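The values are calculated or read from the model by the stated rules, or taken from the named source; none is laboratory data. Source: prediction; values computed, not measured. For neighbour counting, all protein chains shown are included, and Cβ atoms are generated from backbone atoms with ideal geometry for every residue, glycine included. Heavy atoms of the whole protein, side chains included, go into the accessibility calculation; ligands, DNA and RNA do not. Shrake-Rupley method; radii C 1.70, N 1.55, O 1.52, S 1.80 Å.
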Amino acid sequence: MSKVCLAGLVIASCVVAAVPAPADSPSGAEEGFVALFDGQSLDGWKVSEENPDSWKVQDGKLVCEGPRAHLFYVGELAPFKDFHFKAEVMTTPGSNSGIYFHTKYQPSGWPKYGYECQVNITHKDPKKTSSLYSVKNVDDPGLKDNEWYTQEIIVRGKEITLKVNGKVMVQYTEPSDQEAFSDSFERRLGEGTFALQAHDPDSKAYFRNLRVKKL
């Protein structure tokens with residue numbers, strides 16, 4: 001083989017190596033992070049008995065559309081205490097959803113345990129995306145419907161940090177004597193799992209590239 005051919009092969013190899021990964025490719029390769037969703041099935045997840053048809057897998061995404069229902073992670077990585085969670089999220093106009101953490105499976109109703117990271121850009125609820133729901137709220141996350149954004153949730157001890165596209169939106173320290181939010185809801189850190197929310201029939205949202213790193 002001539003030197004010219006060899007040079008051509010080297011150049012071709014460099015060009016191939018420089019091609020970036022597709023925008024919708026899984027992000028599980030990040031150091032220390034493990035994928036929670038395989039992009040093809042609900043393996044490792046359990047839908048509430050209430051309106052289970054509100055959740056489906058479509059083109060590598062988890063899609064919620066329909067009456068209230070919650071999708072809980074029940075895979076082998078659970079439970080979680082201190083962690084760094086990431087997911088790519090996209091809402092449609094007027095939609096409401098959420099990401100619960102330190103929660104536990106329940107067959108119906110709004111999750112009683114743990115906290116909710118709000119997913120809402122243009123729904124009428126004034127608590128917008130990346131709010132620590134009813135604890136520390138965000139008025140304007142600077143996002144648009146029909147566009148993907150990255151939501152991060154970080155828990156270390158009593159510290160909760162919520163980020164959107166790398167920007168800190170909420171920093172909250174839970175008081176050591178934190179009481180239950182009400183008789184019905186126990187909004188306290190401990191340990192638990194994640195849950196995604198289908199909020200109502202008029203809300204549609206998408207989730208992909210869900211991954212977590214235990215701290």
(request) Residues being open to solvent by 90 Å² or more (accessible area, probe 1.4 Å) and either within 13 Å of Leu196 (Cβ to Cβ) or modelled with pLDDT of 95 or more (or both): count how many of those fall in the range 6-64. (result) 6
(message) Residues to consider are Ile121, Ile153; find the one that is under 21 Å from Lys204 (Cα atoms), crowded, with 22+ Cβ neighbours inside 10 Å and under 17 Å from the mean Cα position of the chain (by Cα).
(response) Ile121
(request) Within the range 104-118, count every residue that is assigned to a strand (DSSP E or B) and either aromatic (Phe, Trp, Tyr) or touching a Lys or Arg at 6+ places or on another chain (Cβ under 8 Å) (or both). (result) 3
(message) Given the condition open to solvent by 10 Å² or more (accessible area, probe 1.4 Å), in a strand (DSSP E or B) and either of a type outside the set (Gly, Ala, Ser) or on the phi < 0 side of the Ramachandran plot (or both), answer yes or no: does some residue in the range 91-100 qualify?
(response) no
(request) Return the residue satisfying two criteria in turn: it lies in the range 156-197 and is among the small types (Gly, Ala, Ser) and open to solvent by less than 30 Å² (accessible area, probe 1.4 Å), and of such residues it is nearest to Asp140 (Cα to Cα). (result) Ala195
(request) Among what's in the range 139-150 and is open to solvent by 40 Å² or more (accessible area, probe 1.4 Å) and in contact (Cβ under 8 Å) with a residue 40 or more places away in the chain, pick the residue that is nearest to Ser95 (Cα to Cα). (result) Asn146
(message) Against the conditions (1) assigned to a strand (DSSP E or B); (2) open to solvent by less than 60 Å² (accessible area, probe 1.4 Å), where does Asp200 fall short? Just the number, please.
(response) (1)
